[in-house]
1. For the range 16-39, what are the residues that are modelled with pLDDT under 95 and more than 16 Å from TYR201 (Cβ to Cβ)?
2. Quick check on the range 149-164: of everything there that is near the ligand (Cβ under 8 Å from one of its atoms) and assigned to a helix (DSSP H, G or I), which residue is nearest to ASP228 (Cα to Cα)?
3. Are there strands (runs of 3 or more DSSP E) fully within the range 191-266 with at least 1 residues that are open to solvent by less than 30 Å² (accessible area, probe 1.4 Å) and among the small types (Gly, Ala, Ser)? List them.
4. Hey, does the range 104-114 have a residue that's in a loop (DSSP other than H, G, I, E, B) and open to solvent by less than 40 Å² (accessible area, probe 1.4 Å)?
5. Can you confirm whether the range 34-44 contains a residue that is more than 28 Å from GLU263 (Cβ to Cβ) and either more than 10 Å from the ligand (Cβ to nearest atom) or part of a loop (DSSP other than H, G, I, E, B) (or both)?
6. Quick check on my filter: what residues within the range 96-121 are among the β-branched types (Val, Ile, Thr) and more than 14 Å from the ligand (Cβ to nearest atom)?
7. Go through GLU174, GLU159 for me and flag whichever is under 16 Å from the mean Cα position of the chain (by Cα), surrounded by 17 or more Cβ atoms within 10 Å (Cβ to Cβ) and either under 28 Å from SER249 (Cβ atoms) or not acidic (Asp, Glu) (or both).
8. Of (1) in a loop (DSSP other than H, G, I, E, B); (2) in contact (Cβ under 8 Å) with a residue 12 or more places away in the chain; (3) away from the ligand (no atom under 16 Å from the Cβ), ASP68 satisfies all except one. Which?
Amino acid sequence: MYNVAYLIMQTPNNSEKQFSDLHQANQKRWDAAADNWAACADSRGIWQKCHEDPGLVFSPPLMPFLQDIRDSRVAVLGSGDNQAVFALAGLGAKVTSVDISENQLQHARERAEHLGLEIAFARADVTNLDVLESNSFDLVFTGGHVAVWVADLQQYYAEAIRILRPRGRFIVEEYHPVRRIWKESRDALVPEHSYYNRGPYRYLLGDDVLYKGNGSLESFEFHWTISDMVNATIDAGARIMRLEEYGESGEDWEDAPMEGLPEQFVIIAEKSALAS
Ligand SMILES: C[S@@+](CC[C@H](N)C(=O)[O-])C[C@H]1O[C@@H](n2cnc3c(N)ncnc32)[C@H](O)[C@@H]1O
């Protein structure tokens with residue numbers, strides 16, 4: 001049982017400073033968690049094979065949208081274990097891997113070298129991608145539990161669309177937010193809070209992100225809804241081509257019995273041809 005989250009009230013006047021403080025806290029926790037996260041990825045054994053078998057990383061609804069990316073310029077935002085980065089590189093793309101945590105990126109650099117993959121790495125917050133030029137990528141991919149760490153979803157997706165060329169593709173693949181609302185329980189689904197309560201949720205946790213335990217590291221989560229992510233994509237200047245929800249199994253790290261609930265969702269969008 002870990003510390004129950006509490007909600008922080010946001011006010012319009014201090015939100016920008018507060019957002020960057022919250023992201024700094026998350027960065028510190030991810031830096032501390034990086035060795036554990038890398039060990040988890042080692043035990044799954046996917047990162048060593050996914051450049052040859054991208055189906056280990058990308059689900060079937062996504063694969064048709066990744067068929068034509070040889071020599072494309074691709075950015076992966078919030079790259080974490082970099083399995084998506086390695087899989088996209090294996091499909092022939094020129095990939096830039098972006099993450100806020102230097103320690104996460106260091107593991108990824110070592111792994112890319114081990115696999116013989118040429119990847120560009122950039123340490124940046126997804127809400128401020130000044131290190132990347134506007135209109136410079138053919139595809140931006142993000143997801144696998146990234147939005148949950150980000151205080152300003154609109155700015156995150158706006159930056160993703162800014163770095164895309166006109167008609168470039170934006171792909172979001174995320175854990176389904178309906179799975180984030182439940183109390184810790186073995187056999188019953190009991191809501192801990194409303195689906196519509198975005199947070200921030202503050203926790204004091206240890207350095208294991210998957211199997212949470214009490215600790216002294218501050219962590220802030222944001223529970224964006226499906227409509228938040230759809231509307232942030234549209235507001236950023238992209239046209240949604242597909243929205244899919246899929247999967248219904250439970251995972252051993254989840255705190256409640258999730259079988260039967262949607263597991264993941266994917267947004268496939270295209271930047272407007274007129275946008276600059
Ligand atoms: C759960 S991982 C997601 C990537 C991949 N699916 C995985 O499971 O490793 C979350 C990653 O997002 C990064 N992250 C968190 N907040 C971020 C931010 N504001 N900007 C950029 N990266 C961020 C973390 O450092 C971490 O590497």
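The values are calculated or read from the model by the stated rules, or taken from the named source; none is laboratory data. Note that this is a predicted model, so its numbers are computed, not measured. For neighbour counting, all protein chains shown are included, and Cβ atoms are generated from backbone atoms with ideal geometry for every residue, glycine included. Surface areas here come from the heavy atoms of the whole protein model, side chains and all, with no ligands, DNA or RNA. Shrake-Rupley method; radii C 1.70, N 1.55, O 1.52, S 1.80 Å.
1. Our first condition is that a residue be modelled with pLDDT under 95; within the range 16-39, this holds for 16-21.
Matches in the range 16-39: GLU16, LYS17, SER20.
2. TYR156
3. Numbers: elements: 201-205, 217-221, 238-246.
Qualifying strands (runs of 3 or more DSSP E): 217-221, 238-246.
4. No; the residues of the range 104-114 include none that is in a loop (DSSP other than H, G, I, E, B) and open to solvent by less than 40 Å² (accessible area, probe 1.4 Å).
5. Let us first name the residues in the range 34-44 that are more than 28 Å from GLU263 (Cβ to Cβ), namely none.
Within the range 34-44, not a single residue is more than 28 Å from GLU263 (Cβ to Cβ) and either more than 10 Å from the ligand (Cβ to nearest atom) or part of a loop (DSSP other than H, G, I, E, B) (or both).
6. If we filter the range 96-121 for residues that are among the β-branched types (Val, Ile, Thr), which is where we start, we get 96, 98, 100, 119.
Correct list: ILE119 only.
7. Numbers: GLU159 fails: either under 28 Å from SER249 (Cβ atoms) or not acidic (Asp, Glu) (or both).
Testing whether each residue is under 16 Å from the mean Cα position of the chain (by Cα), surrounded by 17 or more Cβ atoms within 10 Å (Cβ to Cβ) and either under 28 Å from SER249 (Cβ atoms) or not acidic (Asp, Glu) (or both) leaves just GLU174.
8. All conditions are met except number (2).
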